[in-house]
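Peer 1: So that we are looking at the same thing, I have put the structure below in structure tokens.
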Amino acid sequence: MNKPVVDQTRTIDRVNATLKQRYNRERRFRRFGLGAVVLGLLFVCLMFLNIVTHGYSAFLQSRVLLDIEFSPQVIDPSAARDPATLSSADYAALVKASLRARFPGVKGRSEKRELYGMISTGAPLALRERVLANPDLIGTRQSIWLPADDDIDMLVKGHIDRKVPEAQRRIKNRVLAWVEQLEADGAIDTFFNLTFLTGGDSREPELAGIGGAIMGSLYTLIVTLLLSFPIGVAAAVYLEEFAPRNRWTDLVEVNINNLAAVPSIVFGLLGLAVFINFFGLPRSAPLVGGMVLTLMTLPTIIIASRAALKAVPPSIREAALGVGASRMQTVFHHVLPLSMPGMLTGTIIGMAQALGETAPLLMIGMVAFIVDIPGSALDPATVLPVQIFLWADSPERAFMEKTSAAIMVLLGFLILMNVIAVILRKRFERRW
């Protein structure tokens, strides 16, 4: 009986006929993928460009050069050794007297009010600090750079158009003329705004800074790291190396994976109910904020640590057990050191995620207006994301500038933490 002959020529012809079409589809898919990557990078670059162009000027501050007469009639020379008396002197009168001397033509009450408003309300505080540091200034005349008001600052930086009609800008014509006269005399200029990085929050934009938010974020992340890293690593080691395989451990693993996808505000509600309402811990404290962020970060650290433990080859465990090491010695002397780089990488990524969180911290009161720099994890504080949230809600143009600048600082910290994670992974990671 003859066997049927398979027509292989026809099959090859069909394959060759569709080969060009399949190659074209592959090329189109690659182009679409490359286009998606380029489009994503373009949007990211546009976002960074928009933030930088709106926020870089917040690192500069406009100041006015005034000749301050530290008059003995205003500051009692006999009180040079009494800081309380020196602090209570009317330093605002010194600023006003200097402005009147520089612009002697200003006579009306409303004009004087506008003239005095060119200088920041923080200028008297700056003069007080100088006198407290050096009482010998009493009775002398000094040329001192003092911070300008936020509207004048915006004008000098070019954020207020001088050519538009007076009714369409916040600066009146006579104030604009005074500013231009100061510019012609070289008595107004911009300097690096150190107060923005070292000062606390303020209702005056020119005096507001992120120093308090930075310290609050630092204390919060320290508490988060001290709690989440040992607990997360211990949980991962137990689940991966010692826990029996039963329904209980399966339930725990499923819940850990589910917790990693829970909205962060839920952890804030949990922290509000447990840490504040039940245990009575202080509101707005980095200690509570760190504990809340620990709850949010633990699933990420546990999952990353378990993945790092799984990446260690079984031969390492078998060799250690073969030479007489106990199960505990095998894990802590051999497996854990080899998996530590992956654990550290996961921890740093989790900490970077915690640094950018706002919702859970709003629930525990870290949205409060905090002026003082926190000195410990128990002092009232805020954090960078919450500070950005507060400033973004303010109507002043200067706060919009500071919002973008604070976002730049926050993104800088996040990029730095991710770079550290990449460096650790590249330096200590082993290929098995």
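Peer 1: If you check every pair at least six apart or on different chains, which have Cβ atoms under 7 Å apart with a residue in the stretch 286-314 that is in a loop (DSSP other than H, G, I, E, B) first and a residue that is open to solvent by less than 30 Å² (accessible area, probe 1.4 Å) second?
Peer 2: Val312/Val335; Val312/Ser339
Peer 1: Mind checking whether some residue in the stretch 294-307 is open to solvent by less than 70 Å² (accessible area, probe 1.4 Å), closer than 21 Å to Ser376 by Cβ and out of contact with any Pro (no Cβ under 7 Å at 6 or more places or on another chain)?
Peer 2: yes
Peer 1: Also, quick follow-up: Mind counting the residues in the stretch 238-249 that are closer than 30 Å to Ile364 by Cβ and of a type in the set (A, V, I, L, M)?
Peer 2: Qualifying residue count, the stretch 238-249: 1.
Peer 1: Within the stretch 59-67, is there a residue that is surrounded by 10 or more Cβ atoms within 10 Å (Cβ to Cβ), among the basic types (Lys, Arg) and in contact (Cβ under 8 Å) with a residue 40 or more places away in the chain?
Peer 2: Residues of the stretch 59-67 surrounded by 10 or more Cβ atoms within 10 Å (Cβ to Cβ): 59-67.
Applying the additional criterion that residues be among the basic types (Lys, Arg) yields 63.
Narrowing the set further to residues that are in contact (Cβ under 8 Å) with a residue 40 or more places away in the chain leaves 63.
Looking through the stretch 59-67, at least one residue is surrounded by 10 or more Cβ atoms within 10 Å (Cβ to Cβ), among the basic types (Lys, Arg) and in contact (Cβ under 8 Å) with a residue 40 or more places away in the chain.
Peer 1: State whether one or more residues within the stretch 382-391 are in a loop (DSSP other than H, G, I, E, B), farther than 21 Å from Ala58 by Cα and either β-branched (Val, Ile, Thr) or at pLDDT 90 or above (or both).
Peer 2: No, there is no match, as no residue in the stretch 382-391 is in a loop (DSSP other than H, G, I, E, B), farther than 21 Å from Ala58 by Cα and either β-branched (Val, Ile, Thr) or at pLDDT 90 or above (or both).
Peer 1: Please indicate, with yes or no, whether at least one residue in the stretch 368-375 is more than 29 Å from Arg306 (Cβ to Cβ), free of Cβ contacts under 8 Å to residues at least 60 places away in the same chain and either open to solvent by 30 Å² or more (accessible area, probe 1.4 Å) or not hydrophobic (A, V, I, L, M, F, W, C) (or both).
Peer 2: The answer is yes; a qualifying residue exists.
Peer 1: A further question on this structure: For the stretch 198-213, name all the residues that are crowded, with 21+ Cβ neighbours inside 10 Å and either of a type in the set (Gly, Ala, Ser) or within 11 Å of the chain's Cα centre (by Cα) (or both).
Peer 2: Once the filter is applied, which keeps residues that are crowded, with 21+ Cβ neighbours inside 10 Å and either of a type in the set (Gly, Ala, Ser) or within 11 Å of the chain's Cα centre (by Cα) (or both), the stretch 198-213 yields Gly200, Ala208, Gly209, Ile210, Gly212, Ala213.
Peer 1: Out of curiosity, is Pro124 open to solvent by 70 Å² or more (accessible area, probe 1.4 Å), over 25 Å from Ala392 (Cβ atoms) and either assigned to a loop (DSSP other than H, G, I, E, B) or not polar (S, T, N, Q) (or both)? Outline the logic, then answer.
Peer 2: On the way: open to solvent by 70 Å² or more (accessible area, probe 1.4 Å): no; over 25 Å from Ala392 (Cβ atoms): yes; either assigned to a loop (DSSP other than H, G, I, E, B) or not polar (S, T, N, Q) (or both): yes.
So Pro124 fails the test.
Peer 1: Hey, another quick one. Regarding Val409, is this residue of a type in the set (A, V, I, L, M, F, W, C), under 18 Å from Ser284 (Cβ atoms) and under 18 Å from the mean Cα position of the chain (by Cα)?
Peer 2: Spelling it out, it is not the case that Val409 is of a type in the set (A, V, I, L, M, F, W, C), under 18 Å from Ser284 (Cβ atoms) and under 18 Å from the mean Cα position of the chain (by Cα).
Peer 1: Another question about this same structure. State whether one or more residues within the stretch 250-270 are under 27 Å from Val367 (Cβ atoms), open to solvent by less than 30 Å² (accessible area, probe 1.4 Å), touching a Gly at 6+ places or on another chain (Cβ under 9 Å) and in a helix (DSSP H, G or I). So that I can check it myself, show each step before the final result.
Peer 2: Initial filter on the stretch 250-270 (under 27 Å from Val367 (Cβ atoms)): 259-270.
Then keep just the ones that are open to solvent by less than 30 Å² (accessible area, probe 1.4 Å); that gives 264, 267-268.
Within this subset, residues satisfying the condition of being touching a Gly at 6+ places or on another chain (Cβ under 9 Å) are none.
No, every residue in the stretch 250-270 fails to be under 27 Å from Val367 (Cβ atoms), open to solvent by less than 30 Å² (accessible area, probe 1.4 Å), touching a Gly at 6+ places or on another chain (Cβ under 9 Å) and in a helix (DSSP H, G or I).
Peer 1: Further question: Say we look at the stretch 78-109 and pick out the residues that are over 41 Å from the mean Cα position of the chain (by Cα) and open to solvent by less than 70 Å² (accessible area, probe 1.4 Å); which of these is nearest to Ala184 (Cα to Cα)?
Peer 2: Ranking the qualifying residues of the stretch 78-109, first place goes to Phe103.
Peer 1: Within the stretch 230-239, restricting attention to residues that are surrounded by fewer than 22 Cβ atoms within 10 Å (Cβ to Cβ) and in contact (Cβ under 8 Å) with a residue 12 or more places away in the chain, which residue is nearest to Val252 (Cα to Cα)?
Peer 2: My answer is Leu239.
Peer 1: Out of all the residues in the stretch 376-410, which are open to solvent by 40 Å² or more (accessible area, probe 1.4 Å) and among the hydrophobic types (A, V, I, L, M, F, W, C)?
Peer 2: Leu378, Phe389, Leu390, Ala392, Met400, Ile407, Met408
Peer 1: Taking Gly200, is it of a type in the set (Gly, Ala, Ser) and at pLDDT 90 or above?
Peer 2: Here the answer is no, as Gly200 does not meet what is asked.
Peer 1: If you don't mind, another one. So which of Lys426, Lys402 ends up being in contact (Cβ under 8 Å) with a residue 12 or more places away in the chain and charged (D, E, K, R)?
Peer 2: Numbers: Lys426 fails: in contact (Cβ under 8 Å) with a residue 12 or more places away in the chain.
It is Lys402.
Peer 1: With respect to Phe192, is the statement that it is out of contact with any Pro (no Cβ under 9 Å at 6 or more places or on another chain), open to solvent by less than 40 Å² (accessible area, probe 1.4 Å) and of a type in the set (Phe, Trp, Tyr) true?
Peer 2: It is false that Phe192 is out of contact with any Pro (no Cβ under 9 Å at 6 or more places or on another chain), open to solvent by less than 40 Å² (accessible area, probe 1.4 Å) and of a type in the set (Phe, Trp, Tyr).
Peer 1: Would you be able to tell me the number of residues in the stretch 194-233 that are in a helix (DSSP H, G or I) and among the acidic types (Asp, Glu)?
Peer 2: 1
Peer 1: Does Ala273 meet the test of being free of Cβ contacts under 8 Å to residues at least 24 places away in the same chain and part of a loop (DSSP other than H, G, I, E, B)?
Peer 2: Here the answer is no, as Ala273 does not meet what is asked.
Peer 1: Additional query: Output the number of the condition that Ser326 fails; it satisfies all remaining conditions of (1) surrounded by 17 or more Cβ atoms within 10 Å (Cβ to Cβ); (2) more than 12 Å from the chain's Cα centre (by Cα).
Peer 2: Here Ser326 clears every test but (1).
The values are calculated or read from the model by the stated rules, or taken from the named source; none is laboratory data. Since this is a predicted model, take the numbers as computed values, not measurements. No Cβ is skipped: glycine too gets one built from the backbone with ideal geometry, and neighbour counts run over all protein chains shown. Areas reflect the complete protein model, heavy atoms only, side chains present, ligands, DNA and RNA absent. Shrake-Rupley method; radii C 1.70, N 1.55, O 1.52, S 1.80 Å.
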